[in-house]
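Accompanying notes for the structure given below.
Just so it is clear, none of the values below were taken in a lab; they were calculated from the coordinates. As the structure is a prediction and not an experimental result, all values here were calculated from the model. Note that we place each Cβ from the backbone using ideal geometry, even for glycine, and neighbour counts take in every protein chain shown.
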Amino acid sequence: MRHHLNTIYVTSEDAWLRKDGANIVVEVAGAERGRVPLHMVGGVVCFARPGASPAVMAACAEAGIALSFLTPEGRFLARVEGPRTGNVLLRRTQYRLADDAVRVVPIVRGIVTAKAANQRTVLRRALRDHGERMGGDAKTALEAAEARLANVARRAAEAEGVAILRGIEGEAAHVYFGVFDRMIQGDRAAFSFNGRSRRPPLDRVNALMSFLYALLGHDCRAALEGVGFDPQVGFLHADRPGRASLALDLMEELRPVLADRLALTLINRGQLKARDFKLDEGGAVSLADDGRKAVLVAWQDRKKRELRHPFLGEAMPMGLIPHIQALLLSRHLRGDLDGYPAFIWK
Amino acid sequence: MKTPPPPDPAAEDALVPVSALQHYLFCPRQCALIHVERLWAEDGATAEGRLLHERVDGGKPDRRRGVRTVRGLLLRSYALGLAGKADAVEFHGTTPYPVEYKRGRPKAHRADELQLCAQAMCLEEMFAVPVPEGALFYGQTKKRHVVAIDDELRMLTRRIAAETRTMIAEARTPPPRFMPGCRHCSLAGQCRPKPLEKPPAIRRWLTAQLGD
C-alpha cells in the first residue's frame, strides 16, 4: 500500500530550495527555514519566485516526488519530470481510447455520474448540518436542487454518448452553482456567490474555490503521472495546447468532495475573514498571504482525514484518493476492469 | 576471454533481464507490472536486497587461494534472450563459477536455482566453456549451497525464459489472481489482486452506488 506522504507548500515568495544530503532545505535570504527528509515527502508545491537547485530537482525526480512551481497567485508555471515518469504502452492505450468515441463512454459516464452524485452529497450535508437554521426559501431551494441532482446522476449512469454526458454535466453544474450561495452562512456581506467566475475570480468565494482547485489540480496531475498517464490527453475534456485535460477529468468527480466542501467549511466556521482576501481595482479577488496559509493548513488537515473507499472498501486518507482513482483508471485501460469505478462520496 | 561478435541489433534489443525470470516464477502478473508496465514500489525487503547487492557488486576483484572473483559481471545469452549482472563469478581455472547472494533462506521453490542456472548458461555462451556448477549464498543462514547445473534445471530455465520473453514482447499483463504470496509482494498496492480478481461489472456497480 502506498503511503500518504506530506506535500510541502513553500509560500514565502523569496524562498529557495536546495538539497542537503537526503534532505530538502528551504532557505529565505540565506537563512535555513525548514528541513525535511526526502523519504517523508510526496510532493512539493513552490509558490516562491527564486525556485530550486538542480540537485533538489534531480533528487525529487529520482524519488518520484512531484515538484511543481506556481506563481505566488497560484497559477501553474512548471513541473519537474524525471526519467521514471510515463509508460509508453499506457500512453498509447490512452491516446487510442481518447480517439475512440465508443470506448471512451464508460470512463466519461463514471466521471459525470460521480460528479453529479458528489455535488448532491454536498447539498445533502449542508441540509443536514444547517437545514434547521436556514430560511424556508433556502431550504426549499436546496431540497429541490438535491432531488434534481439525484435525477441527473441517474440519467448520467444510463447515458450512451459523450455528447449527452457533456450536456448532463452542464446541467448538473447549472443546478449546483444555482444554489451554492444558499449554503453560505455567517458573514453574508463578505461571502456571497454570484455564479462561477474564474478569469479572474470576481468574489471571495470564487477566489477561494479557484485556489483550492489549483491545489487539487496539482495532486491529480501528480497522481496521473505517478501511474504513467499523459495528463494532457483527456476523455471528457478535449485536447487544448497547454491544458492538462486528463487532470481536469480526474478533478471533476473530486472537486465537490475535496474542494467545495472545504471552501464551505472554511467560510461557515469563520476560519476565513473578509480581510484574508485582496481586491484589486479591476475587480479581481485573490487570497492574501495569511488567508492562503490558513487554506493550506486546512487543506493538509483535510487530506489526512480517513474515509472508506467506495470501490476498494478500505479506509484511507483523503489525500490518497487522486492516486487510487488514477490507478483504477489505469487498470481499466489495461483491461482489468470493464469500466472506470469513479469516486462516489456518501 | 573470448567474446563472440555482436548479433543483429534486434536480438540485442529483445534481451530481457535475468531478474525477470524470478519475478515470472513468483507471479507472471508481478513480472508484467514490473517489466511491461514499469511499475515499481520499494518496501523493506526490496530495499534490503538492493543494499545487499550494492555492497556485493561494489567489491573489487580479488584472488584467494588461487580463485579469482569478479563482482558485478555483465551477462548475456542470445540463446536464452537474457541479459543481466552476476553478483560474483569465481574462476576455477578457466571455468566460471557463478555465486548468487540472497537475503533470506533457501526456499521450497526453484526460483533461486533457476536464476543461477540462467547465469551459468549466459557464462557458457560468453566464454564458450561448460559451466557445470554454481552456488547460492543465503544471508540468513550464512551458508553456501552448491547447485548442479543439470539437464532438468536447464530445460526449466529455457522454458521459463521463453515464456517470460513472449509475455514481455506481447506487452501483456495477465489478470490478477489472489494468492498467499500476495501478502509479501511489494506491488500489491498497485496490483490490487483482491478487488480486481473478480471485479463487478462497473456500470452496474456505478448505478448501485447511487442508491440511498
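Summarising the amide proton neighbourhood of residue B:85: residues at separation of 5 or more, or on other chains, whose placed amide H is nearer than 5 Å comprise B:18, B:75. By other beta-carbon atoms within 10 Å, ranking B:168, A:24 with the fewest at the front produces B:168, A:24. Reducing segment A:113-171 and segment B:109-133 to their Cα centroids gives an inter-centroid distance of 65 Å.
Inter-chain neighbour count for A:154-165: the average number of beta-carbon atoms from partner chains within 10 Å of each residue's beta-carbon is 1. Its relative contact order, with pairs defined as Cα atoms under 8 Å and 6+ residues apart, puts segment B:131-212 at 16 percent.
Pairs of Cα atoms nearer than 8 Å and 6+ residues apart set the relative contact order; for chain A it is 16 percent. Close amide H contacts of residue B:102 (hydrogens built in the peptide plane, cut-off under 5 Å, sequence separation of 5 or more or a different chain): B:137, B:138, B:139. I need the P(r) histogram for segment A:2-64: all alpha carbon pairs, bin width 10 Å from 0 out to the longest distance, whole percents. Each 10 Å bin holds this share of Cα pairs: 23, 60, 16, 1.
With a 10 Å cut-off around each Cβ of A:335-343, the average count of Cβ atoms from other chains is 6.
Listed by chain and number, the lysines whose C-alpha is less than 16 Å from the C-alpha of residue B:107, apart from same-chain residues fewer than 8 away, are B:142, B:143. Listed by Cβ neighbour count within 10 Å, with the fewest neighbours leading, A:158, B:163 appear as A:158, B:163. Across all C-alpha atoms in segment B:56-212, the radius of gyration and Dmax reach 21.0, 78 Å.
With all pairs of separate Cα atoms included, segment A:247-333 yields a Kirkwood hydrodynamic radius of 14.9 Å. For segment A:291-335, the calculated P(r), taken from all Cα-Cα distances in 10 Å bins from zero up to the bin holding the longest distance, is 26, 40, 25, 9, 1 percent. Normalised by residue count, segment A:37-184 yields a Cα convex hull volume of 172 Å³ per residue. With the cut-off at under 18 Å, measuring from each backbone N in segment B:81-117 to a point 7 Å along the Cα-to-Cβ line of residue B:14 picks out B:81-84. With the cut-off at 1.5 for a/c, could you classify segment A:131-255 from its C-alpha gyration tensor as rounded, prolate or oblate? Here segment A:131-255 falls in the oblate category. Here r is the Cβ-Cβ distance between residue A:29 and residue A:300 and R0 is 35 Å; the resulting FRET efficiency, rounded to 0.05, is 0.90. Calculated on the alpha-carbon coordinates, the convex hull of the protein assembly as shown measures out at 177 cubic angstrom per residue.
Phi-derived couplings, Karplus 6.51 cos²θ - 1.76 cosθ + 1.60 at θ = phi - 60°, listed residue by residue for segment A:138-149: 4, 4, 4, 5, 5, 5, 5, 5, 4, 5, 5, 5 Hz, with x used for Gly and Pro.
Across segment B:84-190, the relative contact order, built from alpha-carbon pairs under 8 Å that are at least six residues apart, equals 21 percent.
Mean partner shielding of peptide A:107-118, defined as the number of other chain Cβ atoms within 10 Å of each residue Cβ, is 2.
The calculated FRET efficiency for residue A:55 paired with residue A:143, based on their beta-carbon distance and R0 = 56 Å, is about 0.45.
Our coupling estimate for segment A:6-12, obtained by passing each phi through the Karplus curve with A = 6.51, B = -1.76, C = 1.60 and θ = phi - 60°, is 5, 9, 8, 10, 9, 9, 5 Hz, Gly and Pro reported as x.
Segment B:65-85 and segment A:52-73 have their alpha-carbon centroids 38 Å apart.
Annotation: amide H of residue A:34 within the under-5 Å range of A:26, sequence separation 5 or more or interchain, hydrogens built in the peptide plane.
What is the antiparallel percent of DSSP beta bridges lying wholly in the protein assembly as shown, to the nearest 5? Counting only bridges with both partners in the protein assembly as shown, antiparallel ones make up about 75 percent.
The HN-Hα couplings worked out from phi for segment A:201-211 by the Karplus form 6.51 cos²θ - 1.76 cosθ + 1.60 (θ = phi - 60°) are x, 9, 9, 5, 5, 5, 4, 5, 4, 4, 5 Hz, whole numbers, x standing for Gly and Pro.
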